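Down below is the structure, laid out as structure tokens.
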Amino acid sequence: MNKIKISFKVNNKDYEIETSPLRRLLDILREDLKLIGTKEGCGEGECGACSVLIDNELSLACITPATQIEGKEIVTIEGMSDNDEPSYIQQAFIDKGAVQCGFCTPGFVLATHKYIEDIGEINDIKIKEALSGNFCRCTGYAKIVDGVKEAIIRHDKKEEK
């Protein structure tokens with residue numbers, strides 16, 4: 001198969017790679033860029049473990065072909081931390097017990113970031129709708145929703161400063 005050259009940005013760093021046009025963003029992130037925080041769960045776009053932000057839209061890396069990332073800005077879970085310290089969202093999840101095995105956590109953190117940016121309201125129904133594309137087998141959703149609520153509170157306090 002022919003290869004294409006694509007240029008894109010991940011976590012504020014520029015990249016240019018040569019790859020198959022249909023290669024998955026997930027594989028580019030994990031294999032080429034060694035950003036292994038983005039996980040493969042189902043490989044079909046149904047579990048949310050591979051969630052990333054592409055041009056600030058929540059997207060699934062396991063079903064995003066290389067051709068769709070040309071010129072795009074991508075944020076992975078590695079790009080969410082504050083100078084190698086957990087972000088306020090990550091810390092809220094830790095403090096509220098919303099993390100067990102951690103496999104699904106990157107997707108939930110990115111979905112939470114997007115929810116706070118777009119809506120940011122402490123509303124159980126809206127939070128659950130925003131997280132509905134993510135699947136957790138361990139923690140149960142009550143603690144994750146509590147983590148989102150705590151993240152909203154921390155975000156609001158951060159904005160007040």
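Can you flag which of LYS13/LYS114; LYS3/LYS39; LYS114/LYS143; LYS34/LYS128; LYS72/LYS157; LYS3/LYS114 are past 28 Å Cα-Cα? Don't jump to the answer; show the numbers that get you there.
Values: LYS13/LYS114 21 Å; LYS3/LYS39 25 Å; LYS114/LYS143 19 Å; LYS34/LYS128 31 Å; LYS72/LYS157 31 Å; LYS3/LYS114 33 Å.
With Cα atoms farther than 28 Å apart: LYS34/LYS128; LYS72/LYS157; LYS3/LYS114.
Would you calculate a helix-derived [θ] at 222 nm for the chain, using -39,500 (n - 2.57) for each DSSP H run of n ≥ 4 and dividing by the full residue count, to the nearest 500? Kindly include the intermediate steps, with their values, before the conclusion.
Numbers: 4 runs with 50 residues, N = 161.
Result for the chain, helices only: -9500 deg cm²/dmol.
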Quiz item: GluC sites (Glu not before Pro), restricted to the range 80-161: which are DSSP loop and have at most 14 other Cβ atoms within 10 Å?
Solution: GLU121
Quiz item: Scanning the chain for helices, which whole DSSP H stretches are 24 Å or more long along the axis (Cα) and average 0.5 or more by Kyte-Doolittle?
Solution: none
Quiz item: Got a sec? Which residues in the range 19-45 would a label at LYS114 touch, if it sits 7 Å along Cα→Cβ and we count backbone N under 13 Å?
Solution: 45
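What FRET efficiency comes out for the pair ASP27/LYS161, r = Cβ-Cβ distance, R0 = 45 Å, nearest 0.05? Display every interim value, and only then the final one.
Details: r = 40 Å, r/R0 = 0.89.
Working from the Cβ atoms, E equals 0.65.
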Quiz prompt | GNM result for the chain, Cα springs below 10 Å: residue of LYS39, LYS96, LYS149 fluctuating most strongly | solution = LYS96
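Just so you know, all these numbers are worked out from the coordinates, no wet-lab data involved. For clarity, every value in this text was computed on a predicted model and none was experimentally measured. Note that each Cβ is placed from the backbone with ideal geometry, even for glycine, and that neighbours are counted across all protein chains shown.
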